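The values are calculated or read from the model by the stated rules, or taken from the named source; none is laboratory data. Being a predicted model, the structure only gives us computed values, none of them experimental. All Cβ positions, glycine included, derive from the backbone under ideal geometry; neighbour counts span all protein chains shown. Quick note on the areas: whole protein, heavy atoms, side chains included, nothing else; ligands and nucleic acids left out. Shrake-Rupley method; radii C 1.70, N 1.55, O 1.52, S 1.80 Å.
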Amino acid sequence: MTSWVAVRGDVPGDLFDELGLIDLEGRSVAQESDFAAAALRGGWVTVLVRDTHPGYPYRPDLLARLSRRAELVTCHESTYGPESAAARWCNGQQVWKAEHLAETTDVTVEGEVPDVFDELMSAAGVRSARDSGIDEFYEVPVELAKSITGFRQDEAVRGAPPAIRLGMDVKAFALTPVEYSWTVTELDDEDQLRTVRAEAIHQFHRSEFPGTRLFSRVGTDDNDRWRIDGGTVPAAMAISGFDRWRSEFEATVARRVAEVAPQAKLTLNWNFPDAEQGMQEADSR
């Protein structure tokens, strides 16, 4: 589970202390820590945390303190739920709250939600009717929070800026660390090979995961056709909402390869290095 809080106005000087966080200035990107923070357009200070239950929208005492002299928006996502919630607070009072529970086709609300809520619910209903197997109503609270702050965590975790880290006494496990590798075979010539490697794969990877690196090696198969094998180096990347993001990522890579080499065959493989560790941590709680 992952939560974030965005505060605008008179941001409390003890914001990090209130959230139980320790400032480690210069710490690297979010995938190396349990926590990331950033200043956004519009004056929002946003804090993203791999959080334990309950998420921030369910902590009214904390939100009342943080919003005493400020405006606050918070959002919580259970990556594997799928459940989501969002809320807005001003001057110590809750303005609205929206919550979606797993296996439902509804979003419950308290207070007066933004006008865009009806549009989001209608769009979710249309997509849900296509029977895609995806919980479309999960998106509604998430998009509500984004409509105010411009922030959405599964668009921000990849390449998140340096900031802060959870204190050692806080246990948290939420984002999905992943590694991936690929193979592209049946390339006609070296020109196709170079273009597929540099533009179709490496360039797209850098746009999705700024600051991370890839390895690749080239060779030929038994029929003397060119091939590329590659993958991520050296650490896993943390992705929120991985199951929803994965299909779009795979489709985009496949399209980019096909544009250069229509006859080529692409294979993408995913690895989850922290899965076993995560289950062990959950069992110990």
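Set the Förster distance to 30 Å, then compute FRET efficiency between residue 186 and residue 130 from the Cβ-Cβ distance, nearest 0.05. Don't jump to the answer; show the numbers that get you there.
Numbers: r = 34 Å, r/R0 = 1.12.
The calculated FRET efficiency here is 0.35.
Mind ranking 108-119, 257-268, 56-67 by how tightly packed they are, going by the mean number of other C-beta atoms within 10 angstrom, highest first?
Answer by packing, highest mean first, reads 56-67, 257-268, 108-119.
Among residues other than residue 94 whose Cβ falls under 14 Å from its Cβ, what is the net charge (Lys/Arg +1, Asp/Glu -1)? Could the numbers behind the result be given before it?
Numbers: positive: 59, 65, 68, 88, 97; negative: 61, 71, 99, 110, 112.
Here the charged neighbours net out to 0.
Once the whole set of protein chains is in place, how much accessible area is left on residue 104, using a 1.4 Å probe, in Å² to the nearest 10?
The value for residue 104 is about 50 Å².
Amide H to amide H under 5 Å from residue 83: which residues, 5+ apart in sequence or cross-chain, H placed 1.01 Å off N in plane?
It is 78, by chain and number.
Considering amide H positions built from the backbone, and no H for Pro or chain starts, which residues 5 or more places from residue 95, or on another chain, come under 5 Å of its amide H?
Those lying under 5 Å, H to H, from residue 95 are 88, 89, 90.
Within segment 178-204, name every residue whose backbone N is under 16 Å away from a label modeled 7 Å from Cα of residue 220 along the Cβ vector.
Zone members listed by number: 185-194.
Tell me which residues come under 5 Å, amide H to amide H, from residue 68 once H is placed; ignore anything under 5 positions away on its chain.
Under 5 Å from the amide H of residue 68: 92.
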